[in-house]
Each structure stands twice: as C-alpha cells, then as structure tokens.
Protein chains: 2
Amino acid sequence: MYDHLKGFRDFYPDEMGARREVIDQLEATARQYGFREIGTPALERTQMYVDKSGEEIVEELYAFEDKGGRDVAMTPELTPTVARMVVAKQQELSKPIKWVSTRPFWRYEQVQQGRFREFYQTNVDIFGSSEPEADAEILAFAADALTSLGLTGEEFEFRVSHRDILGGLLEAFDTDVQTKEAIRAVDKSEKISEAEYHDLLVEAGLTYDQAAEFDDLLAVDAENLDELVEFAGTDRVENAVTNLQNVLDAAADFGAGEYCTLSLETARGLDYYTGVVFECFDSTGEVSRSVFGGGRYDDLIESFGGQPTPAVGVAPGLAPLSLLLQRADVWPDESFTTDYYVLQIGDTRDVAAEITRTLRSRGHVVETDVAGRSFGAQMNYADGVNAETVVIVGEQDLEDDAVTVKDMDSGDQEQVPLAEFPGDHDRPTLADFE
Amino acid sequence: MYDHLKGFRDFYPDEMGARREVIDQLEATARQYGFREIGTPALERTQMYVDKSGEEIVEELYAFEDKGGRDVAMTPELTPTVARMVVAKQQELSKPIKWVSTRPFWRYEQVQQGRFREFYQTNVDIFGSSEPEADAEILAFAADALTSLGLTGEEFEFRVSHRDILGGLLEAFDTDVQTKEAIRAVDKSEKISEAEYHDLLVEAGLTYDQAAEFDDLLAVDAENLDELVEFAGTDRVENAVTNLQNVLDAAADFGAGEYCTLSLETARGLDYYTGVVFECFDSTGEVSRSVFGGGRYDDLIESFGGQPTPAVGVAPGLAPLSLLLQRADVWPDESFTTDYYVLQIGDTRDVAAEITRTLRSRGHVVETDVAGRSFGAQMNYADGVNAETVVIVGEQDLEDDAVTVKDMDSGDQEQVPLAEFPGDHDRPTLADFE
C-alpha cells in the first residue's frame, strides 16, 4: 500500500467540499473588487528565487535539475512569478493591474500545525498604484473576505506597520545600521526574549541603549506617530508616517478601519516589502501565529528588469486560515447535497434514465443507480448523498404509468402519474403533488 | 528578465477567463451527475509510477530526490493517486465512489500543438461498480460536458472499443501472443503504415496471415459483433461482446448513444485498461489526435493492495479540448464584466467608497479608483474592464447632493440624488432613474 508524502495531504470529498467553499468565497470577494484570475506554472528557474532571496533559499525549495539540464524549483510563493509576468507584458497591460489566483505552493520545511510542505494560497495583488487607496483596497478585500466567511471584528485583527518607518528610525540612530537584519529581528521579536531581541539589534549595528530606545519607539500608539517624526527629524520618516496615516484613513473609508490596529512591531519576514505591511492575527490569541500577511513591495518589479512599478498584495493561506475559521466555529459544514436520486427497481432503466436526463437538463444534481444495487442499498446511498427527493421507478409503478415521489426529510411519498413528473415543474418536490 | 520554462505557460486574465469558464462547465456537469471533488498532492513517490508502468516511465517524469532523500515525482496523471486514496479508505467509503478533480500534471516530453509539459485535466471516476451503467454514466457525462460547452453531435464522436475483445481475439489466434504489445500496436495503427502495423503484430507473436485476419476482424461493424464471438468461440470474447453491447445500450438510455461509434481499432495506450475504452475525436478530423479518452480499469485497485474494486473513468485535458472548441468556434469569449465603476473627481473618496461598499454588499462587481487617476484615465479604465454603469462622484455633483449615473453602452447619463443611489434598487442602472 502506498502512502502520501509527509507534509502533503489527500483531501476526500467532505474536507474538500469545505475547502472549496472557502476558496470560492475568497475568489468571489476578489472578483467583486475587480481582481481577475491568472494561471501560473508550478515550476520556475531556481535562479529567480536565488536572485531574489539569496543562495540559502535553495535549502527550502523542492529544487532539482530537469531532464534538459535546467535548474528548476517548484514555486514556493507566487510573487516572483507574477512579477515576471508583469515585466513580460508591461507595455500591453493597462494599469492598475489587479490579479487573483488560488493554487498550491511547495516548501521543504518542518511540518507543524497549520503548516505543510504543500500549501494553498489565494494571492491578490495590485500593480501600478502607489496611492494609499491601493493599500486600503487590499486591506478592505482581506476584511471583506474574512467577514463573508462568517468572522466578525471580534475574531481577527490586522496589525499594520510600515517598513519605511522602521527603516527611517534605524537610519536616524545610525546610518550604517544593517536595516534588513534589524527588521528581521523585529519580525522575530515576539518569538524570542527581549534580551535576545536586543542582541540581534546590536548585531545589526545599534548600541544596547539604542536598541532599547528603538523598542520603546515602536510601541507608540496611533495618535502619537508624530513623536517618531520628531525623534527622527527626517523627511523619510515624516513621509512614511504620513503614508501610513493616509492608508489607515483610506482603509476606514473602504470599511476596513475597525479591523486595523497600529503595530509597528509587525515587520513581515520577507525582505522585499517597502511600505505598509500587515499581518492578520486571531484576536483571541488561540491561533498563536500570524494567519496571513501582505504589504507593499514597490521595488520588486524593477529588480526583475521592469520599469518602476509600485505593487501591493496579500496572500491568505488556506491552512492557517482554516485554523482561525475552525477556532471561531465558522469552518463550513459539509455542503454536498443531491437534488434527486432516481431509484430503479427491476428493469426500469430506460424510464429512470429519461427522468434523470430531464432533471439534469433543468440544472439539478441528479444521481441514479449505476451499480445494479437493491432497493435498500439504493435508498441507503440516496440518504448518504443527502438526496432531497427520491423518485422511485419501480416495475409496479410503471404498470400504473406512474412513479413514486418520496420526500427524504419527512419520509412521505406519493404515487404520481408518469406524465406529470417532472412535467412542467422546474424543480418538482413531493409538495407539488400532494 | 526571466522567462517561463519551455512547455509551461503563463495565463493572463483574458485567456484564463476562457479557461476558467470551460473548467467550471466541466465541473458543473460532473456535479450534476453527483461526482464529488477531491484534492490531491502534486508530488508522489516515484516508485508508485515505476510499479505501475515500469522503469522506463521515469524518463518522462519530473522525478528527483527530495531533501529528505525520498525519490519523488511530480504527478504525471491522477489515476495512481486516486487508486492509492481508494485503497487507504476502502472500508469507510460508501460505494459507488464518484470523484472529480481538475488540476495540472507534468510530463517531460516533446512540446507540440495541444501538448505541453504542464497540462490540466479534469479527472472523473467511478469506483465500485462493474455494471455497464457505470461505463455509460462516464460516456454520458463526457457527452453532456461537451454539449454544454456548445458542441453538437456533428463536431465530435466517441470511438468505443473493448480491451477484452481485443485480448480475447488475440488469445484465440495463439494463447502465447503478447497481448500488451499487440494492443499497443493497435493503439499505434492509425499513425503508422499497414505494413509497419502488421510487423508489430508479428513481433507480438501473430503470423502475418493472422495479423491480416485480426485487422479484418477489428473492422467489424456494430451489427455483426457476433462474428467475433463465432470466430473466437470462447466465453471470454462472448462475455466481452455482451458487455460492450450492454454498455452501448445503457449509453443510449443515458443520452450518449448518438455520440458513440464502435471502433475496435481504438485501443488506448495505457496498459491498465481492462474493459470498455473510448476516445473522443474531432468529427471533422481537423484536430487529428484523440482529444481525450477513458475506460474501465478493474484491476488497478487490487494491484495497489486494495480489495478487488472495479473502476471506470475519463479525463478531458484542457489543451486538446481547447483545440476542438476553437476549431468548432465555441471557445468562450472573454467573459469578464464589471457591474459598476465608481469614478472619483476631486476629494470625494469617502462618498465614492460608501457607494462602492453598498453595491458590493449587494453582490455586484464594483471597482473604484485606487490610483489617483484623472477623469479621462478612470473613464478609459472603466471602459477597459467592460463596466456596465459608471457612477460619477464629482465635487460638483456632491454640492448638489447628487451623483451622475452613466450607462456605458448608450453613453447616456443622468444626475441622481445621492439619497436615491443606490437606494432600494438592488441593481440600479440608468434606466431606473430616467
């Protein structure tokens, strides 16, 4: 007997039905915002990831040499691929470009709760606008998607930060500080002790006193962002603070205000972010890790050889999202239903098939026996697939030129003339014949 | 600038929209038949494919060793995976098991028209029924899916054959004939000369006279299948002929009769088929290769370590299917439409955002400016996304406590009091205010 690989999953229909409902809802919300679906390959050249993230990324990739001698990798994320696609058709695509797609990605990493080696994400991105309204639209999409899944503002929050505030403050301490390393330290700060955190900041070039002060500054609340501008005294921090405030204002207009909390300590691990970044957290803290995140990455397209093109996006992952939805008790129930089961007794296939075809042609979900099973076995099956109505086509019914229509909820049934079923009824049920 | 890999494709929204429409239609038809969606991994152990198809299959696979030292392969087809999944939960799953899924697969092979290294298939399978009605349901699903995509019986045909008739005839000639090799020769027969075909049959163990007679026998028409029974004089051929006739009768009841043609020369390349097999062809011959195929594979589950479980399925591939749909001129047009574009002039974001939110909450597709663009640029964008109605929120409109509603088809527009838009109209258009 074969088994699936560690970190990979088989989804049987019940679980898949719930997952499909969640994916459909994420995509329907994106569609309402005017995002358009794209399709992307599962393999890319490994070099693309190395250029973007450094040689060490290869350790996390399903990377190999293909039969043609190319170094290729199974895509660990979508952003480099969409950046490549934007660059390839930069002239033809009208801006802003708004794209959505849902698909699996692969990373060779430790398997843990809500984290697998094969994982699904819905990526939603806007290219070609540096305006705060674009960041706000991404936040509003994310909030709308979550509330349409049944979550309320009690259940989740978006912790919003700004890369350029962090970078500007660090620069104000010391222009030689290694910003990337320091921001990675901020990203890790919640998972390590304060001492370890400060050690990392010192390694990045701050003194211990500066590290403590930096830590204090990041704890500022939304009303006192001006203190950061005063401290730094640079245009960079002033502009970044203004941009963050503009994004929060626009997010409020677009209906996402109540879900946003200022949290400069939220840094997002990825190096390519440049402006507003945010992470979605479970408000109860029961799901302890970030559920998903997003932000602005204005330099990536240019670094891929394109014209400067601002970009902002978010990528909810299905596995961590399912933890939040399950914790909040709004993970979808099994949703599979069957409108009709057409039951055959004896040699009645031709009539049963005719009824089945007619009901299907009216758009209904209809099953009939394909396994030569007994009355009882067919009834069990009909029950198992949540059939609403069973149409019994028995030899005796047919002698009366009739079928028996059974409501599976009440168990009531009635013989109905064959000429009247389904007749002109678009979606006939027992009630139509009582 | 990076490029995608050879044989892999980027789908931009226009093309993706058409593909999505086709996939949705295939899946909607499957759902109407009671098939339930499953989700499956992109990687499996290479050994599974080697066990099923022999060591030589590895040459066609994207196979490699993962970081944990496992020999893995990107899945080249779904059947082994679903067989594995059926075996893993054989006791729990109620029969018949009816599954559907659409996803990419990967094979390292020559790229040609309609054939890529990454390709999408919709797999539809029934496990647990050996009855002819199961084969017929697969044929009826395939026919329904194609006609719901706009094809007619003039456009395509299902060439139906039976593995056990081929095997039984070969056995009747000579019990030592190598059946697999001979059936592979039949599968190739349309692509090679008659002499080459006969050479291959002789290599498989027939004499040249037998090869010619075998060739003649396969040309029998549906009314004279009894000639094959007479020729062979074995229960095996008699049972196979009866089964084929029963499947064709059942297919006729289920509405697929008119699309089916007997064609014993159709053999399907894959070794694991055991009963009825069929391939869909373009009736005009313009698409020269088989569009897709399917059939019965009753032995696979057992060979995977499960209990004997009959199985039958079909797997339309999107690339060859798109060739047929395009040839028949029914490939979907770009389908993306936008219900509303809410246009901002001046500092009107709060009102525009409020209208946008209200319209979205009623289920509509609504875009508004996220890029600080001019009136003209916004109008161009609205036109580019096929907006049906543009709601102009100008500073002057707001001074009159109004917005301007513009029908993009006629170009007509009207100022409407803010209090009345969208008001109680579920889907307000200019006509509601004229």
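The values are calculated or read from the model by the stated rules, or taken from the named source; none is laboratory data. Keep in mind the model is a prediction, meaning the values are calculated, not measured. With ideal geometry, Cβ positions are generated from the backbone for all residues, glycine too; neighbour counts draw on all protein chains shown.
Restricting segment B:203-248 to residues that are small (Gly, Ala, Ser) and under 19 Å from B:Phe158 (Cα atoms), which is modelled with the highest pLDDT?
If we take residues in segment B:203-248 being small (Gly, Ala, Ser) and under 19 Å from B:Phe158 (Cα atoms), then B:Ala240 is modelled with the highest pLDDT.
I'm trying to understand the selection: among the residues of segment B:263-318, which are in a loop (DSSP other than H, G, I, E, B) and of a type in the set (Val, Ile, Thr)?
Correct list: B:Thr266, B:Thr274, B:Thr284, B:Val287, B:Val291, B:Thr309.
Only one of (1) under 38 Å from the mean Cα position of the chain (by Cα); (2) on the phi < 0 side of the Ramachandran plot; (3) surrounded by fewer than 19 Cβ atoms within 10 Å (Cβ to Cβ) fails for A:Glu354. Which number is that?
Of (1) under 38 Å from the mean Cα position of the chain (by Cα); (2) on the phi < 0 side of the Ramachandran plot; (3) surrounded by fewer than 19 Cβ atoms within 10 Å (Cβ to Cβ), only one is false for A:Glu354: (1).
For segment A:372-386, how many residues meet the condition of being surrounded by fewer than 18 Cβ atoms within 10 Å (Cβ to Cβ) and in contact with a helix residue (DSSP H, G or I) (Cβ under 9 Å, 6 or more places away or on another chain)?
Adding up the residues that qualify gives 1.
When you go through (1) at the interface with chain A (Cβ under 9 Å from one of its Cβ atoms); (2) modelled with pLDDT of 95 or more one by one for B:Leu323, which number turns out not to apply?
Of everything listed in (1) at the interface with chain A (Cβ under 9 Å from one of its Cβ atoms); (2) modelled with pLDDT of 95 or more, B:Leu323 misses just condition (1).
I need a count of the residues in segment A:18-44 that are crowded, with 20+ Cβ neighbours inside 10 Å, more than 9 Å from chain B (Cβ to nearest Cβ) and not hydrophobic (A, V, I, L, M, F, W, C).
Number satisfying all stated conditions: 0.
Look through segment A:45-97, keep the residues that are assigned to a helix (DSSP H, G or I), surrounded by fewer than 21 Cβ atoms within 10 Å (Cβ to Cβ) and of a type in the set (D, E, K, R), and return whichever of them is farthest from the other protein chains (Cβ to nearest Cβ).
It comes out as A:Glu55.
Which count do you get for residues in segment B:387-419 that are surrounded by fewer than 17 Cβ atoms within 10 Å (Cβ to Cβ) and in contact with a Phe, Trp or Tyr (Cβ under 7 Å, 6 or more places away or on another chain)?
Result for segment B:387-419: 1.
Can you tell me which residue in segment B:98-117 is modelled with the lowest pLDDT, limited to those that are more than 10 Å from every other protein chain (Cβ to nearest Cβ) and surrounded by fewer than 17 Cβ atoms within 10 Å (Cβ to Cβ)?
Checked segment B:98-117; the qualifying residue modelled with the lowest pLDDT is B:Gln113.
Quick grid of which residues meet (1) crowded, with 17+ Cβ neighbours inside 10 Å; (2) aromatic (Phe, Trp, Tyr); (3) under 30 Å from B:Leu359 (Cα atoms):
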position: A:Glu190; (1), (2), (3): no, no, no
position: A:Leu200; (1), (2), (3): yes, no, no
position: A:Thr207; (1), (2), (3): no, no, no
position: A:Phe214; (1), (2), (3): yes, yes, no
position: A:Asp221; (1), (2), (3): no, no, no
position: A:Val247; (1), (2), (3): yes, no, yes
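Within segment A:244-262, track down each residue that is touching a strand residue (DSSP E or B) at 6+ places or on another chain (Cβ under 7 Å) and not hydrophobic (A, V, I, L, M, F, W, C).
Matches in segment A:244-262: A:Tyr259, A:Thr261.
Only one of these is more than 7 Å from every other protein chain (Cβ to nearest Cβ) and without any contact (Cβ under 8 Å) to a residue 40 or more places away in the chain: A:Asp3, A:Asp10, A:Asp14. Name it.
Every option except A:Asp3 fails the conditions.
Being under 37 Å from the mean Cα position of the chain (by Cα) and within 11 Å of chain B (Cβ to nearest Cβ) is the requirement here; does A:Thr337 meet it?
Considered against the rule, which asks whether it is under 37 Å from the mean Cα position of the chain (by Cα) and within 11 Å of chain B (Cβ to nearest Cβ), A:Thr337 comes out as yes.
Mind checking which pairs have a first residue in segment A:31-48 that is at positive phi and a second that is modelled with pLDDT of 95 or more, Cβ under 8 Å, 6 or more apart or different chains?
What qualifies is A:Gly34/A:Lys98; A:Gly34/B:Thr338; A:Gly34/B:Val365; A:Gly34/B:Val366; A:Gly34/B:Glu367.
Quick one: which of B:Gly295, B:Gly346, B:Gly285, B:Gly317 is away from chain A (no Cβ under 13 Å) and over 27 Å from the mean Cα position of the chain (by Cα)?
One residue alone meets the criteria, B:Gly346.
Being over 27 Å from B:Lys89 (Cβ atoms) and of a type in the set (Val, Ile, Thr) is the filter here, so list the residues in segment B:290-348 that pass it.
The answer is B:Val291, B:Val330, B:Thr337, B:Thr338, B:Val342, B:Ile345, B:Thr348.
Please enumerate the residues belonging to segment A:362-376 that are at the interface with chain B (Cβ under 9 Å from one of its Cβ atoms) and either over 17 Å from B:Ser94 (Cβ atoms) or of a type outside the set (Ser, Thr, Tyr) (or both).
Result: A:Gly363, A:His364, A:Val365, A:Val366, A:Glu367, A:Asp369, A:Val370, A:Ala371, A:Gly372, A:Arg373.
Tell me, which helices (runs of 4 or more DSSP H) lie completely within segment B:135-250 with 1 or more residues that are in contact (Cβ under 8 Å) with a residue 40 or more places away in the chain and out of contact with any Lys or Arg (no Cβ under 7 Å at 6 or more places or on another chain)?
B:163-173, B:179-188, B:208-218, B:226-232
Any residue at all in segment A:252-268 that is within 30 Å of B:Asp3 (Cα to Cα) and at pLDDT below 95?
yes
May I ask you to say which residue of A:Ala211, A:Ala195, A:Ala232, A:Ala251 is within 22 Å of A:Cys280 (Cα to Cα), in the same structural domain as A:Ala143 (by TED's automatic domain parsing) and of a type in the set (Gly, Ala, Ser)?
Selected residue: A:Ala251, the only one of A:Ala211, A:Ala195, A:Ala232, A:Ala251 that is within 22 Å of A:Cys280 (Cα to Cα), in the same structural domain as A:Ala143 (by TED's automatic domain parsing) and of a type in the set (Gly, Ala, Ser).
Looking at the structure I just gave you, is A:Val351 within 12 Å of chain B (Cβ to nearest Cβ), touching a residue at least 40 places away in the same chain (Cβ under 8 Å) and of a type in the set (A, V, I, L, M)?
Considered against the rule, which asks whether it is within 12 Å of chain B (Cβ to nearest Cβ), touching a residue at least 40 places away in the same chain (Cβ under 8 Å) and of a type in the set (A, V, I, L, M), A:Val351 comes out as yes.
Criterion first (at pLDDT below 95, in contact with a Phe, Trp or Tyr (Cβ under 8 Å, 6 or more places away or on another chain) and farther than 22 Å from B:Ala182 by Cβ) does B:Phe304 satisfy it?
yes
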